[in-house]
Structure formats: structure tokens, C-alpha cells
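Notes to accompany the following structure.
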Amino acid sequence: MTGAAPKLVIFDVDGTLVDSQAHILASMTWAFEALEMAPPDREATLSIVGLSLPEAMARLVPDASDGLNARLVEAYKDSFAALRRSGNQAAQSPLFPGAMEALHALAAREDVLLGVATGKSRRGLDHLFDLHGFGPLFHTVQVADDHPSKPHPSMVLTCLGDTGVAPENAVILGDTTYDIEMGRAGGIHAIGVGWGYHAGAALKAAGATEILPDFKALPQALSGIWGTR
């Protein structure tokens with residue numbers, strides 16, 4: 001790092017870096033059908049992306065017992081992994097346009113560290129790291145296995161602790177209100193993206209400083225937050 005104060009950019013994954021919509025929808029359908037239940041509709045499923053699985057299932061089936069919730073969680077995990085192993089096209093989860101270039105550009109800066117805060121499991125994130133090869137770019141990686149569900153700030157606070165970056169020099173980039181609310185609860189800046197699961201107006205209402213139309217707009221957005229620091 002240079003003499004400048006270190007900065008941190010924390011990325012959400014699903015809906016921000018990777019387009020995992022098809023994988024998530026197919027897995028949720030398989031999970032519910034495996035338990036002979038009617039699957040939630042597309043809108044309902046996409047509304048819970050970003051939450052930890054127990055919290056997500058609780059929102060989809062609010063009257064489910066703890067036992068049924070646990071069975072749904074395991075059925076989803078099994079379906080998600082089975083789709084991935086089968087090589088099904090739905091499980092490819094491609095990077096959004098410009099994502100890799102943006103990550104490498106930030107990683108090349110001596111004053112910037114990168115982090116991940118995701119509702120994915122460690123196993124699911126490791127698969128994406130293997131698939132896309134971007135794991136080594138991140139200095140701190142936080143997954144749902146180790147934290148309360150978003151929007152609790154635990155992931156953000158751990159990222160700050162791991163890197164030693166001051167909250168005013170940290171930013172989270174996410175596509176859901178859960179990401180934005182988590183960032184604000186952790187005392188850091190939050191930027192929304194316009195290509196994910198929640199509408200830009202909702203992200204702004206949650207506290208996002210702005211909504212990016214694409215990854216090319218990220219450098220200017222960060223400059224607006226950090227200035228010349």
C-alpha cells in the first residue's frame with residue numbers, strides 16, 4: 001500500500017458480479033417440488049436473493065415450521081449443487097459485462113483493497129472462484145455460513161476489521177436493499193447497481209448514494225465518494 005489512507009470496495013456477488021438468476025430460479029423450483037410443494041413465483045424468489053437461506057425460506061413460507069424451513073434449505077442446497085454438477089446451462093452464472101475488468105482495475109491500485117460480502121455459502125462462492133478465477137483479487141471474503149443474514153452489518157464490520165480500513169474510506173457495491181442497508185448499518189458508503197434484483201428507486205430509498213448503469217461508471221462514482229483522498 002502507498003502512504004495514502006487505504007480504501008476498501010466490498011462487492012456483493014449474486015446480481016452484482018455474476019448473473020446467477022437462472023441457477024437460483026431453477027434450484028428454488030427443484031427444491032420446492034422435491035418436497036411436493038408449489039414453487040414460489042419468479043418475483044418472490046428474486047426478491048429474497050441476498051438473504052441467507054433460512055431467512056429467505058422464512059420469507060417465502062412464513063408459516064413454515066423450523067423443521068420444514070430446514071428441509072427447504074437443504075433441498076435448495078442439494079438442487080443448487082446438483083445443477084452445478086450436471087453442467088446444466090442454468091448453472092453457468094456468467095459475470096456481468098465489465099465486472100472482471102472493473103475488479104482488475106481496482107486490484108491494480110496500491111491504495112485499494114477488495115472484499116466480498118455475500119449471502120452465498122462458502123461452497124457456492126468457492127465454485128464461482130474456481131469458475132471465474134477472481135478469488136485471489138479479494139483481501140477479505142465473508143459468506144453466509146459465518147454471519148447473520150444481511151442486512152445485519154456483521155459482514156461489513158468483519159471486512160473492516162480484516163483490512164484495517166476506516167469506515168469513511170469503505171464502500172459496498174450491491175444490487176439489493178439488503179446490501180445497501182447492511183453497508184449503511186456498518187457505517188460505510190453504499191452504491192447500487194442497476195442490473196440486479198431490486199429496482200434503483202428502492203436502492204436509493206435504502207441509502208445508496210447513486211445507482212450505476214454499468215461497471216464503466218464505477219470509477220467516477222468512487223471518485224465522487226473518495227475525492228482526492
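The values are calculated or read from the model by the stated rules, or taken from the named source; none is laboratory data. Just so you know, these numbers come straight off a predicted model, no measurement behind them. Backbone-built Cβ (ideal geometry, glycine too); neighbour counts: all protein chains shown. Just so you know, the surface numbers come from the protein's heavy atoms only, side chains and all, with ligands and any DNA or RNA stripped out. Shrake-Rupley method; radii C 1.70, N 1.55, O 1.52, S 1.80 Å.
Find the centroid of the Cα atoms in region 81-152 and in region 156-229, then give the distance between the two in whole Å.
Between the Cα centre of region 81-152 and that of region 156-229, the gap is 17 Å.
Please identify the DSSP H helices in the chain that span no less than 18 Å along the helix axis (Cα) and have a mean Kyte-Doolittle hydropathy of 0.0 or more.
Numbers: long enough: 21-34 (20 Å, 0.54); 66-86 (30 Å, -0.43).
Helices meeting the span and hydropathy rule in the chain are 21-34.
What net charge is computed for the residues neighbouring G50, neighbours being all others with C-beta under 9 Å from the C-beta of G50, Lys and Arg scored +1, Asp and Glu -1?
Around G50, the charge tally is -3.
Along the Cα-to-C-beta direction of A4, a point sits 7 Å from the Cα; which residues of region 146-173 have their amide N less than 20 Å from that point?
Only 160, 163-173 fall inside the zone, counting backbone N under 20 Å.
Counting only protein heavy atoms and using a 1.4 Å probe, what share of the accessible area of region 142-223 belongs to carbon plus sulfur, as a whole percent? Spell out each step's value before the answer.
Details: 1630 of 3110 Å².
Of the solvent-accessible surface of region 142-223, carbon and sulfur hold 53 percent.
Going 7 Å from the Cα of E43 in the Cα-to-Cβ direction, what parts of region 62-76 have a backbone nitrogen less than 19 Å from that spot?
Taking a point 7 Å out along Cα→Cβ of E43, the residues of region 62-76 whose backbone N falls under 19 Å are 62.
What is the magnitude of the charge dipole of region 1-81 about its Cα centre, with +1 placed on the Cβ of each Lys and Arg, -1 on the Cβ of each Asp and Glu, and no other charges, expressed in debye to the nearest 20?
Here the size comes out at about 320 debye.
Using Cα-Cα distances under 8 Å and only pairs 6 or more residues apart, what relative contact order does the chain have, in percent?
25 percent
Quick one: if you take sqrt(5λ) for each eigenvalue of the C-alpha gyration tensor of region 1-158, what semi-axes come out, biggest first, whole angstrom?
In descending order the semi-axes read 31, 18, 12 Å.
Extending each Cα 7 Å along its Cβ direction at A166 and S223, get the distance between those two points in nm, one decimal.
2.3 nm
So what's the back-of-envelope 222 nm ellipticity for the chain, counting only DSSP H runs of four-plus at -39500 (n - 2.57) apiece and dividing by all residues, rounded to 500? Walk me through the numbers on the way to the answer.
On the way: 10 runs with 104 residues, N = 229.
Rounded to the nearest 500, the figure is -13500 deg cm²/dmol.
List, in the order given, every pair from K77/K150; K150/K204; K7/K120; K7/K216 whose Cα-Cα distance in the structure shown is over 21 Å. Please list the in-between numbers first.
Values: K77/K150 19 Å; K150/K204 17 Å; K7/K120 24 Å; K7/K216 19 Å.
Long pairs (Cα-Cα over 21 Å): K7/K120.
Could you quote the convex hull projected area for region 127-229, Cα atoms only and averaged over all directions, in nm²?
Orientation-averaged projected area of the Cα hull: 7.0 nm².
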